[in-house]
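Each remark here refers to the structure printed beneath this line.
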Amino acid sequence: MKLQLPAALATLPQSLASLSARDRKLLALGAAAALLLLIFGIIVPLDRSVTRERTRLTHKRADLAFVQSAAEELRNAPPPPAGGGESLLVIIDRSARESGLANALAGSEPGGPNSLSVRLEKAPFEALVTWLARLSLQNGVLIDSATIEKAGTGVVNAAIVLHAG
């Protein structure tokens, strides 16, 4: 079976031969420029984007594994002790200082009976998760809701509603 080329491709060598040397050089230069534009304008940025997203996915998977292991520890932990008569505000303030989050604590507001809304800014993510787990385990403080946003490498801004159990 003989391979048939389209008519335009079959006559390409003849068409190129009929061009002057100057026109052939100009055509080769244009083809090289188009190839460079394709490589550096599309392929390289696309490759960088894919690499960046793969790295981001790896970090997200590591964060998920950390949170899942912390959740497993919380599920297997003994029931939290009673609050000991301290107010929720005192418990939150003391434990935030002990966990190294005192500088990140941006404010707190009562949210209802036995409830407190806490705002943290530029808090180390791992310290925040550890602090919340510790609050639950040691003081019986539960998380009603939390909004956590990335604020830089390894740090987050968080708005958390806590409830004394």
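For the chain, what does -39500 (n - 2.57) per DSSP helix run (n ≥ 4), summed and divided by total residues, give at 222 nm, in deg cm²/dmol to the nearest 500? Estimated from H runs of four or more residues: -17500 deg cm²/dmol. Derived scalar couplings between HN and Hα for segment 116-131 equal 9, 9, 10, 10, 10, 10, 6, 8, x, 4, 5, 5, 5, 5, 5, 4 Hz in order, rounded to whole Hz, by the Karplus curve 6.51 cos²θ - 1.76 cosθ + 1.60 (θ = phi - 60°), x for Gly and Pro. The value obtained for segment 14-165, namely the Cα convex hull volume divided by the number of residues, is 156 Å³ per residue.
Protein heavy-atom surface of the chain, 1.4 angstrom probe: 61% of the accessible area is carbon and sulfur, with nucleic acids and ligands not counted.
Solvent-accessible area per residue in segment 14-165 equals 69 Å², computed with a 1.4 angstrom probe and all protein chains kept. The residue among PRO110, LEU37, ASN76 whose Cα reaches farthest toward the positive pole of the charge dipole of the chain, with charges on the beta-carbon of Lys, Arg, Asp and Glu, is LEU37. When you restrict to C-alpha pairs under 8 Å that are six or more residues apart and normalise by the size of the chain, the relative contact order lands at 19 percent. Taking the Cα centre of the chain as origin and assigning +1 to Lys and Arg Cβ atoms and -1 to Asp and Glu Cβ atoms, the resulting dipole is close to 1160 debye. Note that segment 62-75 has calculated 3J(HN,Hα) couplings of 5, 4, 4, 4, 4, 5, 5, 5, 5, 5, 5, 4, 5, 5 Hz, one per residue in order, obtained from phi through the Karplus relation 6.51 cos²θ - 1.76 cosθ + 1.60 (θ = phi - 60°); glycine and proline are x.
The values are calculated or read from the model by the stated rules, or taken from the named source; none is laboratory data. Small disclaimer: the values here were computed from a predicted structure and weren't measured. Glycine gets a Cβ as well: all are built from the backbone with ideal geometry, and neighbour counts include every protein chain shown. Protein only, heavy atoms only, side chains kept; ligands, DNA and RNA dropped before computing areas. Shrake-Rupley method; radii C 1.70, N 1.55, O 1.52, S 1.80 Å.
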